[in-house]
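The next block holds one structure in the form of structure tokens; read it before the comments.
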Amino acid sequence: MYTQNTTLPETLRHRRQKLAELIDFPAILWSGGSSPRNFPANTFPYRANSHFLYFAGISLQNAAIRLEGGNLQLFIDDPHPSSALWHGETPTREEIAARIGADDARPMAELADYLENAATLSVQDAATWTQQTQLLDRWILPKNQPEGIDLDLAKAIVSLRLTHDAAALVELRKAAAVSVQAHKAGMAATPKAKLEAEVRAAMEAVIMGHNMTTAYTSIVTVHGEVLHNGHYYHSLQPGDLLLADVGAETETGWAADITRTWPISGKFSSTQRDIYDIVLAAHDACIEQIAPGVEYADIHLLAATAIAEGLVDLGILQGKPEDLVKMDLHALFFPHGIGHLLGLDVHDMEDLGDVAGYDEGRKRSSRFGLSYLRLNRPLHPGMLVTIEPGFYQVPAILNDPKIRSQYQYLVNWERLEQFADVRGIRIEDDVLVTESGSEVLTAALPTQASAIEDLLEFPKLSQNHD
């Protein structure tokens, strides 16, 4: 085993040697290329394919690596002489090869000579997966599940990336620490902010200031019931809750994922606090149970039961919590899964569909309360998962006449109306499975309602104020 001081070439060599123990055929992984927006010279921000990054270590455009028997061949063209005018001096192929410990380095045109019996995984940009399809003479499409030798490669890479080595954990801790700072900056900015966009700007400024990017499109919204809300134009009004789901990504691609919910006015209302404490109870109960050998699906059901129990105590649901969960009543307010894998992507390896998220032989449930579960595996030391229970009042669900009729005796709709000031609440942390239990990488960001209120920097009232 190696330490946190292990060099990049040593880390990458160790990873590809472990891959060589799992497969007896060559693997070729493409990095992908940039995609234009409206005209060729104006491109979207580039992000290398994560499987490529895992074995190459650095973000390269229009490159490929060939892995066989623990060796790495790099295929990339030297920069065109004219590129220095626009992009400055860039490393040569040989310099890049030395940096990552490649055994060989060749121009991309020679890749065609090294394709025999090779497996691969699709990338997301069309130009590259078209090239993959043409060179390998079989369909390599992002929307298709890998098959045959490609599926064997996918399973081997999943087995490696499911648990994180020391070098990965160094990066994941960096991403978590910066994300915590970003959330604290968002809370501090809230008292003077007029729009969601201003809070988002304060949070992302911290991430950019650490030479990182966001790991996904930030969610900063007073409409927390919209699970992936990407708009930031709503005004911040007293009485609203602000839900912020924002995470940093390090220069080498490793991600964090944190959600907190806080009151615009600086104090939770009594109804908001009641619901917040239910979500927090589910959050804490789940983290307490994280340990090797525990089924992640059981963690999800634990959250569902805790939320159902809390809603029964508040008089919103009626019945035994365990029975309500079996009927998927909790999913009216908690429709998504308890979390997902976290690593080189915020939803790590989901480009492979359920190959990564679901253990061999398992399939997604058709139940409303389980169908969105992204991870269904026993936990192992070194796995990093999110724990993110929530409560949402989604009009499309709660106003559906069929649902109203089906659950008319199990939901106290009049009582629910008293909680109209709670659109959405989510609390999310990044949890590492250890040999003896778990470690919350994002624990430096409080979750208790009173501690959240303390981070909101509202002017202190005079003691003589009436």
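The values are calculated or read from the model by the stated rules, or taken from the named source; none is laboratory data. Bear in mind that the values here come from a model prediction, so they are computed numbers and not experimental data. Note: ideal-geometry Cβ built from the backbone for every residue, glycine included; neighbour counts use all protein chains shown. Calculation scope for accessible area: heavy atoms of the full protein, side chains included, ligands and nucleic acids excluded. Shrake-Rupley method; radii C 1.70, N 1.55, O 1.52, S 1.80 Å.
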remark   = Gln181 passes all but one of the listed conditions (1) among the polar types (S, T, N, Q); (2) part of a loop (DSSP other than H, G, I, E, B); (3) in the same structural domain as Phe391 (by the TED database); the exception is number (2)
message = Which of the numbered conditions does Ile140 fail, given that it passes all the others? Conditions: (1) closer than 28 Å to Thr250 by Cα; (2) touching a Phe, Trp or Tyr at 6+ places or on another chain (Cβ under 8 Å); (3) free of Cβ contacts under 8 Å to residues at least 24 places away in the same chain.
response = (1)
task = Go through region 284-298 and count every residue that is open to solvent by less than 50 Å² (accessible area, probe 1.4 Å) and part of a helix (DSSP H, G or I).
result = 5
Checklist (1) part of a helix (DSSP H, G or I); (2) open to solvent by 40 Å² or more (accessible area, probe 1.4 Å) applied to Met187, failing item = (2)
ask   = Among the residues of region 265-277, is there at least one that is assigned by the TED database to the domain that holds Leu302, out of contact with any Ser or Thr (no Cβ under 9 Å at 6 or more places or on another chain) and free of Cβ contacts under 8 Å to residues at least 12 places away in the same chain?
value = yes
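Does Glu417 meet the test of being surrounded by fewer than 22 Cβ atoms within 10 Å (Cβ to Cβ) and closer than 30 Å to Ala154 by Cβ?
Against the criterion (surrounded by fewer than 22 Cβ atoms within 10 Å (Cβ to Cβ) and closer than 30 Å to Ala154 by Cβ), Glu417 does not qualify.
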query = Taking region 68-110 as the region of interest, how many residues are exposed (fewer than 12 other Cβ atoms within 10 Å of the Cβ) and among the polar types (S, T, N, Q)?
reply = 1
remark   = Within region 1-53, residues being polar (S, T, N, Q), at pLDDT 95 or above and not in a helix (DSSP H, G or I) number 2
task = Can you run down the residue pairs with Cβ atoms below 7 Å, 6 or more apart or on separate chains, where the first is in region 81-96 and outside any loop (DSSP other than H, G, I, E, B) and the partner is surrounded by 11 or more Cβ atoms within 10 Å (Cβ to Cβ) and at pLDDT below 95?
result = Ser83/Thr90; Arg93/Asp78
inquiry  = Looking at region 180-199 only, could you name the residues that are within 13 Å of Ala248 (Cα to Cα) and charged (D, E, K, R)?
reply    = none
query = When residues of region 89-108 are filtered for being within 33 Å of the chain's Cα centre (by Cα) and modelled with pLDDT under 95, how many remain?
reply = 2
remark   = For region 111-135 the number of residues that are in a helix (DSSP H, G or I), in contact with a Leu (Cβ under 7 Å, 6 or more places away or on another chain) and surrounded by fewer than 17 Cβ atoms within 10 Å (Cβ to Cβ) is 1
ask   = Picking from Val206, Val170, which residue would you name as being assigned to a helix (DSSP H, G or I), more than 18 Å from Asp429 (Cα to Cα) and not assigned by the TED database to the domain that holds Ala48?
value = Val206
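Residue-by-condition table, conditions (1) in contact with a strand residue (DSSP E or B) (Cβ under 9 Å, 6 or more places away or on another chain); (2) open to solvent by 50 Å² or more (accessible area, probe 1.4 Å); (3) at pLDDT 95 or above:
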position	(1), (2), (3)
Leu314	no, no, yes
Gln318	yes, yes, yes
Leu324	yes, no, yes
Gly339	yes, no, yes
Met349	yes, no, yes
key: For Gly239: the one exception among (1) out of contact with any Asp or Glu (no Cβ under 7 Å at 6 or more places or on another chain); (2) open to solvent by 10 Å² or more (accessible area, probe 1.4 Å)   = (1)
inquiry  = Being among the small types (Gly, Ala, Ser), more than 30 Å from Asp24 (Cα to Cα) and open to solvent by 50 Å² or more (accessible area, probe 1.4 Å) is the requirement here; does Ala176 meet it?
reply    = no
